[in-house]
Amino acid sequence: MRAKKIAVIGAGVSGLGAIKSCLEEGLEPVCFEKNNDIGGVWNYEETPKSRIPGIYKSLTCNTSKEMTAFSDYPMPDHYPNYLHHSKMMEYLRMYSNHFGLIKYIQFQTKVCSVRKSPEFSSSGQWKVVAEADGKQKAYIFDGIMICSGHFNKKHFPLQDFAGINMFKGKYLHSWEYKHPDDFVGKRVVVIGTGNSGADVAGEISRVAEQVFLSTRRGAWVWNRVWDNGNPMDATLFTRYKRTLQKLCPTFLTKKWTENKLNARFNHANYGLETTHRIFSYPIVISDELPNQIISGRVLMKPNVKEFTETSAIFEDGTEENIDAVVFATGYTFSFPFLEDEAILDNLHSLFKCVFPPHLDKPTLAFIGLLQPAGATIPTSELQSRWAVRVFAGLKQLPSLSDMLAEINKRKKKLENECVKIPGNPRRVRYICYMDEIASEIGVKPNLFSLLIWDTKLAMEMFFGPCTPYQYRVQGPGKWTGARRAILTQRDRILKPLKTRVLVQSGFSSTSLFLDKSICAVILLFLLMLVIIHMICH
């Protein structure tokens with residue numbers, strides 16, 4: 001029996017994981033990448049050769065290395081906890097070479113169209129037309145994995161800013177920004193307080209005469225360096241803390257978190273007070289922004305009402321002379337090659353953010369088209385592992401009515417919890433979503449059984465960071481190195497920090513995340529639950 005051929009569109013972080021997942025299930029991947037290298041948005045170009053959104057020279061990852069790694073390929077222990085984009089590209093090359101992924105990628109190949117084959121209702125096959133060296137070629141595939149992500153088209157709403165066409169200074173979208181050299185001695189407005197806006201405003205402020213950061217909603221600002229100097233996500237994203245959140249009323253969790261963030265700096269005093277509660281809108285991660293505000297290098301401003309030839313007038317009536325504007329207004333997704341308008345119209349209604357529910361055959365999957373409150377690589381990798389098992393016939397999707405019911409349930413929950421914005425249906429909570437997809441594959445870790453047979457591993461998986469390796473401990477795709485990767489993850493967190501070690505530092509990996517005495521008490525409690533569970537069943 002021939003192997004099913006799967007088209008993977010895009011060789012960024014999601015595409016690489018998709019190729020690897022296809023190979024794990026005996027499928028034959030063919031990846032189309034329109035650039036000449038892997039990495040997607042992580043592939044920095046000083047002068048972009050295409051219209052693909054790019055990154056700036058100083059960009060550093062917002063998620064730590066242990067939480068960001070592929071599930072069966074930990075990052076080198078000497079790598080810093082938060083990677084510069086050049087280090088991320090090194091890691092992606094190592095991953096690709098280790099698993100032999102490059103030979104499945106057709107570089108400098110643009111996908112022109114993806115449409116159903118005439119026999120789709122029975123075969124589930126797709127016709128793909130791709131172009132390379134000016135020549136087009138048609139292919140037939142048994143499945144499609146769209147991995148071009150949601151950073152493939154800039155959102156540049158100039159129509160919302162009156163007078164911008166009259167403005168005589170320079171204005172650009174943040175995807176065009178590379179470094180602050182062009183802004184030396186200038187007065188600059190940065191519009192938008194997302195992660196890019198905060199980074200760009202902070203960096204430009206070091207060389208500019210003055211930077212004004214304009215925000216419509218305000219922002220809750222988190223820092224990468226958390227309590228005791230630990231990585232923020234590795235500290236907060238644990239199964240132990242997720243359990244506490246489930247037991248604690250939501251309003252108390254929000255209040256505690258807001259107080260925690262305001263203890264670092266009072267958001268109202270810094271002009272960042274929000275119109276929304278924490279967790280109801282995407283957060284901003286910046287270690288630098290409050291420092292630039294308190295030193296006066298960045299001045300917070302409300303939304304821009306209009307521009308004149310030489311100035312910006314804000315909604316509070318103030319006017320500032322400016323030389324340049326950077327629009328950090330985010331991105332949207334675009335799939336011009338996808339010819340099925342019904343699918344395009346329902347991209348906000350994907351089953352678990354992966355499968356269009358109305359297709360006769362589940363042979364199309366969107367990978368990485370989500371906004372997790374955490375790292376993209378582990379979430380998109382799990383999506384790929386699930387999708388290829390569906391393609392291979394090893395896993396069935398629910399009925400259409402059940403999928404639509406689940407989609408509507410998710411939408412209603414988000415409507416109640418979040419500010420309404422275009423990307424809301426794709427927002428997911430990290431551990432909850434990972435476990436949800438892992439359950440579909442059969443790789444969600446069973447901590448009760450591990451607690452009996454491997455207590456040390458179970459404790460680290462519950463109290464320590466919920467790293468991607470947890471989804472390689474059991475079930476399909478089990479990796480023999482997962483146990484060791486989990487038990488040594490704290491050592492890899494500490495190693496790059498210990499470049500100057502005192503003889504008696506009084507600090508060890510056991511002081512990370514949770515006190516051992518607390519762990520012992522909770523462990524006894526969990527053992528009691530296991531015993532009760534066994535007696536009752």
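Exceedance of the 22 Å cut-off in Cα-Cα distance is limited, within the set K255/K456; K5/K409; K87/K495; K57/K186; K20/K153, to K255/K456; K5/K409; K20/K153. Once the other residues with Cβ under 13 Å from the Cβ of F314 are scored (Lys, Arg +1; Asp, Glu -1), what is the net sum? It works out to a net charge of -2. For the stretch 170-241, the orientation-averaged shadow of the C-alpha convex hull comes to 6.6 nm² (one quarter of the hull surface). Per residue, the average separation of C-alpha pairs within less than 8 Å and at least 6 apart gives the chain a relative contact order of 19 percent. Between the amide H of W222 and those of V284, I285, S286, distances stay under 5 Å, these residues lying 5 or more places away or on another chain, with hydrogens modeled in the peptide plane.
Counting Lys and Arg as +1 and Asp and Glu as -1 over every other residue whose Cβ lies under 15 Å from the Cβ of Y171, the net charge comes to -2.
Restrict the search to the stretch 74-160; then list the GluC sites (Glu not before Pro) that DSSP places in a loop and that have at most 16 other Cβ atoms within 10 Å of their Cβ.
Of the GluC sites (Glu not before Pro), the ones in loops of the stretch 74-160 whose Cβ has at most 16 other Cβ atoms within 10 Å are E119.
Under the combined filter of DSSP loop state and at most 10 neighbouring Cβ atoms within 10 Å, the stretch 1-84 retains these trypsin sites (Lys or Arg not before Pro): R2, K49, R51. In this structure, the amide hydrogen of M300, modeled 1.01 Å from its nitrogen in the peptide plane, lies closer than 5 angstrom to those of L213, counting only residues at least 5 positions away or on a different chain.
Counting only the Cα atoms, the stretch 155-330 fills a convex hull of 127 Å³ per residue.
Heavy-atom accessible area for D491, with the other protein chains in place and a 1.4 Å probe, reaches approximately 80 Å². The residues of the chain present an accessible area of 46 Å² per residue when probed at 1.4 Å with all protein chains retained. Taking the accessible area of the stretch 299-424, probe 1.4 Å, and keeping the other protein chains in place, the carbon and sulfur fraction comes to 47%. Sequence-distant contacts, meaning Cα pairs under 8 Å at least 6 residues apart, place the relative contact order of the stretch 192-243 at 28 percent.
Relative contact order for the stretch 155-330: what percent, with Cα pairs under 8 Å and sequence separation of 6 or more? Value for the stretch 155-330: 41 percent. Summed over qualifying helices (DSSP H, 4 residues or more, each -39500 (n - 2.57)) and divided by its residue number, the chain shows a 222 nm mean residue ellipticity of -10000 deg cm²/dmol. In summary, the lysines within cross-link reach of K260, defined as a Cα separation below 18 angstrom excluding same-chain residues under 8 places away, comprise K241.
Suppose we keep just the DSSP beta bridges with both residues in the chain; what percent of those would be antiparallel, to 5? Mind showing how you got there, number by number?
Details: 27 of 64 bridges.
Percent antiparallel among DSSP bridges in the chain is about 40.
Computed over the chain, the alpha-carbon pair-distance distribution with 10 angstrom bins reads 3, 17, 26, 27, 18, 7, 1, 0, each value a whole percent. Note on the stretch 155-330: antiparallel DSSP beta bridges, both residues inside, total approximately 25 percent of the bridges counted.
Find out how many positive minus negative residues lie around V184, taking Lys and Arg as positive, Asp and Glu as negative, among other residues whose Cβ is under 11 Å from that of V184.
On the way: positive: K186, R206; negative: D181, D182, E209, D323.
Net charge around V184: -2.
In order along the stretch 315-325, the Karplus-derived 3J(HN,Hα) couplings, from 6.51 cos²θ - 1.76 cosθ + 1.60 at θ = phi - 60°, round to 5, 8, x, 6, 10, 10, 5, 9, 10, 7, 9 Hz, and Gly and Pro are given as x.
The values are calculated or read from the model by the stated rules, or taken from the named source; none is laboratory data. Computed from a predicted structure; not experimentally measured. Backbone-built Cβ (ideal geometry, glycine too); neighbour counts: all protein chains shown. Only protein heavy atoms, including side chains, enter the accessible area calculation; ligands, DNA and RNA are left aside. Shrake-Rupley method; radii C 1.70, N 1.55, O 1.52, S 1.80 Å.
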